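Reading through the structure tokens given below for one structure.
The values are calculated or read from the model by the stated rules, or taken from the named source; none is laboratory data. Values in this document were obtained by computation on a predicted structure and should not be read as measured data. Note: ideal-geometry Cβ built from the backbone for every residue, glycine included; neighbour counts use all protein chains shown. These area figures cover heavy atoms from the full protein model, side chains too; ligands, DNA and RNA do not enter into them. Shrake-Rupley method; radii C 1.70, N 1.55, O 1.52, S 1.80 Å.
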Amino acid sequence: MTATAVRVDSAPAAAVKRRRRSLGWVAVVPLLAFTAVAFGLPALAMLDGAFTVKDPVSGATSYTVDNLTSSLQGAYLTALLGSVKLSAVSAALAALFGLPLAQAVVTSRFSALREAVLTASGVLANFGGVPLAFAFVATLGNAGVLTRHLGLTDKGWDLYSFWGLVIVYLYFLIPLMVLTITPALDGLRSQWREAAQNNGATPTQYWRHVALPVLLPSLMGGLVLLFGSAFAAYATAAAMVGSSIPLVTLQIADAISGNVLVGQENVALALSLDMVLVAGLVMAVYLPLQRRSARWLA
């Protein structure tokens, strides 16, 4: 008996793979084009305007850092720090309340409850702007239903303050935290809890030494998302507090519209660049931690 060698030509298979790969790039082109138009052009316009100053007499333009310098001084700096403080406090409280709520949803034996909470969270996380402000004003404002019924004004309650705005932000940030952290909680394996119990660990020790270190990057990711949502919020604060609380988004709107000073449009673009830089710094903390947790939750 003689063995017959069969030669398999791999060239056609390689050609098919290359063809599919090229077609895949073609399919992505519309998305890349949309991203370039929707995000790239505004980003370039923001960068150009942030470093541009126009002479009011001659109309000539020149590149300088005066706009950035102005955006980090006086009322503009106060507004930027106020937005950072409001966003950080709101994000921290939303994570503090959202994590145990998400854990209760994940460990619940009733699938209907889980679906109901996640569905409601999806709705409430996107409920913001003027309708949310109006709902809180009608409920907890100076003449709100609960304010009058419970006599909150006599107890020092003021919705149009920093903490009042924090409570309003928590209305949509806590549901957003539930949606963000639930997949990570689903990734915690029951074997880890059983192994900790078999070694004599208490539930507190399990969460401190096993669960929380694994969840830390996901928690940081949730904090980044919550921080960004609160940092970029405009309509809710504008409808509720106006200019009584210094926020960078309100300062940008005033600078663009000339509400306070005329000709500050480029300063508004510099403030927008400051917001992008703050968001970039927050993301720089999150990304290394995310790569670390991917090995455990994969």
For segment 143-160, enumerate the residues that are part of a loop (DSSP other than H, G, I, E, B), free of Cβ contacts under 8 Å to residues at least 24 places away in the same chain and open to solvent by 60 Å² or more (accessible area, probe 1.4 Å). Ala143, Gly156, Trp157, Asp158
Could you pull out the residue among Val6, Val29 that is over 29 Å from Thr180 (Cβ atoms), outside any helix (DSSP H, G or I) and at pLDDT below 85? Val6
Quick one: Ser90 ticks every box in (1) buried (at least 18 other Cβ atoms within 10 Å of the Cβ); (2) out of contact with any Phe, Trp or Tyr (no Cβ under 6 Å at 6 or more places or on another chain) except a single one, so which number is it? (2)
May I ask you to say which residue of Phe136, Phe127 is among the aromatic types (Phe, Trp, Tyr), touching a residue at least 24 places away in the same chain (Cβ under 8 Å) and not in a loop (DSSP other than H, G, I, E, B)? Phe136
Failed condition for Trp163, given (1) closer than 27 Å to Ala88 by Cβ; (2) without any contact (Cβ under 8 Å) to a residue 60 or more places away in the chain; (3) surrounded by 14 or more Cβ atoms within 10 Å (Cβ to Cβ); (4) of a type in the set (Phe, Trp, Tyr): (3)
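When you scan segment 163-186, do you find a residue that is part of a loop (DSSP other than H, G, I, E, B) and at pLDDT 85 or above, even just one?
No, because not a single residue in segment 163-186 is part of a loop (DSSP other than H, G, I, E, B) and at pLDDT 85 or above.
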Can we say Thr180 is farther than 18 Å from Leu86 by Cβ, polar (S, T, N, Q), open to solvent by 30 Å² or more (accessible area, probe 1.4 Å) and under 19 Å from the mean Cα position of the chain (by Cα)? yes
Determine whether Ala138 is touching a Gly at 6+ places or on another chain (Cβ under 7 Å) and either open to solvent by 60 Å² or more (accessible area, probe 1.4 Å) or not β-branched (Val, Ile, Thr) (or both). yes
Per the filter on segment 236-279, residues part of a helix (DSSP H, G or I), open to solvent by 40 Å² or more (accessible area, probe 1.4 Å) and modelled with pLDDT under 85 are Ile256, Ser257, Glu265, Asn266, Ala279
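Given the criterion under 27 Å from the mean Cα position of the chain (by Cα) and surrounded by fewer than 13 Cβ atoms within 10 Å (Cβ to Cβ), identify the matching residue among Thr64, Thr69.
Thr69
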Quick check, is Thr78 surrounded by fewer than 18 Cβ atoms within 10 Å (Cβ to Cβ), modelled with pLDDT of 85 or more and within 22 Å of the chain's Cα centre (by Cα)? yes
Could you tell me which of the residues Leu23, Leu86 is of a type outside the set (S, T, N, Q), in a helix (DSSP H, G or I) and at pLDDT below 85? Leu23
